[in-house]
1. Could you list, in sequence order, all residues of segment 55-75 that are under 18 Å from the mean Cα position of the chain (by Cα) and surrounded by fewer than 19 Cβ atoms within 10 Å (Cβ to Cβ)?
2. Taking the options 232, 167, 155, name whichever one is more than 28 Å from residue 41 (Cα to Cα) and open to solvent by less than 60 Å² (accessible area, probe 1.4 Å).
3. Between a first residue in segment 114-138 that is under 15 Å from residue 161 (Cα atoms) and a second residue that is open to solvent by less than 10 Å² (accessible area, probe 1.4 Å) and of a type in the set (Ser, Thr, Tyr), which pairs have beta carbons less than 9 Å apart while being 6 or more apart in sequence or on different chains?
4. Against the condition open to solvent by 10 Å² or more (accessible area, probe 1.4 Å), in contact (Cβ under 8 Å) with a residue 12 or more places away in the chain and in contact with a His (Cβ under 9 Å, 6 or more places away or on another chain), how does residue 78 come out, does it pass?
5. Could you please find all residues in segment 1-44 being closer than 23 Å to residue 104 by Cβ, open to solvent by 70 Å² or more (accessible area, probe 1.4 Å) and modelled with pLDDT of 95 or more?
6. Using the structure shown, decide if residue 99 is in the same structural domain as residue 56 (by TED's automatic domain parsing) and crowded, with 19+ Cβ neighbours inside 10 Å.
7. Which one is surrounded by the fewest Cβ atoms within 10 Å (Cβ to Cβ), of the residues in segment 203-229 that are assigned to a strand (DSSP E or B) and not basic (Lys, Arg)?
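The values are calculated or read from the model by the stated rules, or taken from the named source; none is laboratory data. Computed from a predicted model, the values in this text were never measured in an experiment. With ideal geometry, Cβ positions are generated from the backbone for all residues, glycine too; neighbour counts draw on all protein chains shown. Only protein heavy atoms, including side chains, enter the accessible area calculation; ligands, DNA and RNA are left aside. Shrake-Rupley method; radii C 1.70, N 1.55, O 1.52, S 1.80 Å.
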Amino acid sequence: MTITLFIPCFVDALFPRAGISMVQVLESLGHKVVCPEGLTCCGQPPFNSGYWDEARPVAAKVLEQLKGAEAVVIGSGSCGAMVKKFYPELFASRPEEETAKKVAARTWEFSDFLVSKLGVTDLGASFPHKVTFHDGCHGLRELGLKKPPRALLGAVKGLELVEMAEAETCCGFGGTFSAKFPMISTAMGEVKCASAKETNAEYIVSNDSSCLMHIQGLLSRQGSPLKTIHLAEVLSQK
C-alpha cells in the first residue's frame with residue numbers, strides 16, 4: 001500500500017534518524033512511503049493548552065494533506081493520539097468533522113501499524129543490547145499501546161528487554177507542561193531515570209522522541225552512560 005508518513009515536529013527538527021528508520025522499515029516490507037512537504041505541526045501544543053480556536057487552523061491544514069491518504073502512520077503516540085483521538089473532538093459539529101473522522105480511522109501509530117494492521121513482528125532486526133521500555137502517556141493511555149512495541153522488541157535478535165518498575169509512569173515532559181512547570185517536570189523525569197537505571201539497561205527505548213529528549217537530557221546531566229533510542233531505530237538495525 002501507499003503509506004503517508006507523518007513526521008512529528010521533534011523528529012523533523014531534532015531526531016531525523018528516527019524518521020529515516022521508519023521509512024527504511026516500511027519500505028523493507030514492500031510498501032511505498034510518501035511524506036508530503038505540506039505536513040506541519042498537528043496542532044497539539046495549543047490544543048493541550050486550551051487554545052482550541054488557535055489549534056483548528058493548524059489542524060485543518062494537516063487534514064487537507066491527509067484526507068486522501070490510504071494509510072497514515074505516525075512515529076509518535078503523542079501526535080498519533082492527536083490525529084486519531086482528538087481531531088474528531090476538535091472538529092465536532094464543524095465542516096471538517098467528517099474528514100477528521102475518516103482520517104482518524106486510517107491513522108496508526110508506527111508500532112501499532114506494524115503489529116495490528118500488517119501483522120508483522122519480526123523485521124529481521126538485530127540489536128545485541130539490554131534495553132528497557134518507556135511507555136509514553138498518549139500512546140499508553142489514549143491509544144492503549146502496551147503490547148505492540150514489546151512484541152516488536154521481543155523479535156529483535158540479541159535484544160534483552162528488562163521492564164522497569166516505573167515503565168508506565170510519566171517522564172515529566174508533557175510538551176508545554178515542562179515549560180510551565182520545570183521543577184515538577186524535572187522531578188518526574190528523575191523518578192523515570194532512577195527506575196531505568198535500576199534495570200542495568202544500556203538503552204531506554206520508546207515510541208516518542210519528545211519523551212526520549214527529556215529523559216536523555218536528564219541522564220546526560222547526571223553523567224549516566226544510559227542512552228535513549230527510538231523504537232524505529234532499533235527495528236532498522238540489521
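1. Result: 71, single match.
2. On the way: 232 fails: more than 28 Å from residue 41 (Cα to Cα); 167 fails: more than 28 Å from residue 41 (Cα to Cα).
Step by step, each of 232, 167, 155 is checked, and only 155 is more than 28 Å from residue 41 (Cα to Cα) and open to solvent by less than 60 Å² (accessible area, probe 1.4 Å).
3. 132/195; 133/206; 134/206; 135/206
4. Numbers: open to solvent by 10 Å² or more (accessible area, probe 1.4 Å): yes; in contact (Cβ under 8 Å) with a residue 12 or more places away in the chain: yes; in contact with a His (Cβ under 9 Å, 6 or more places away or on another chain): yes.
In short, yes.
5. Across segment 1-44, the qualifying residue is only 32.
6. Details: in the same structural domain as residue 56 (by TED's automatic domain parsing): yes; crowded, with 19+ Cβ neighbours inside 10 Å: no.
No; evaluated as a whole, the condition is false for this residue.
7. Let us first name the residues in segment 203-229 that are assigned to a strand (DSSP E or B), namely 203-206, 227-229.
Okay, now just the ones that are also not basic (Lys, Arg), so 203-206, 228-229.
Values: 203: 19, 204: 26, 205: 28, 206: 24, 228: 22, 229: 23.
Selected residue: 203.
Conditions tested, residue by residue: (1) of a type in the set (Ser, Thr, Tyr); (2) part of a helix (DSSP H, G or I); (3) at pLDDT 95 or above.
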site: 98; (1), (2), (3): no, yes, yes
site: 111; (1), (2), (3): yes, yes, yes
site: 116; (1), (2), (3): yes, yes, yes
site: 124; (1), (2), (3): no, no, yes
site: 132; (1), (2), (3): yes, no, yes
site: 170; (1), (2), (3): no, no, yes
site: 177; (1), (2), (3): no, yes, no
site: 201; (1), (2), (3): no, no, yes
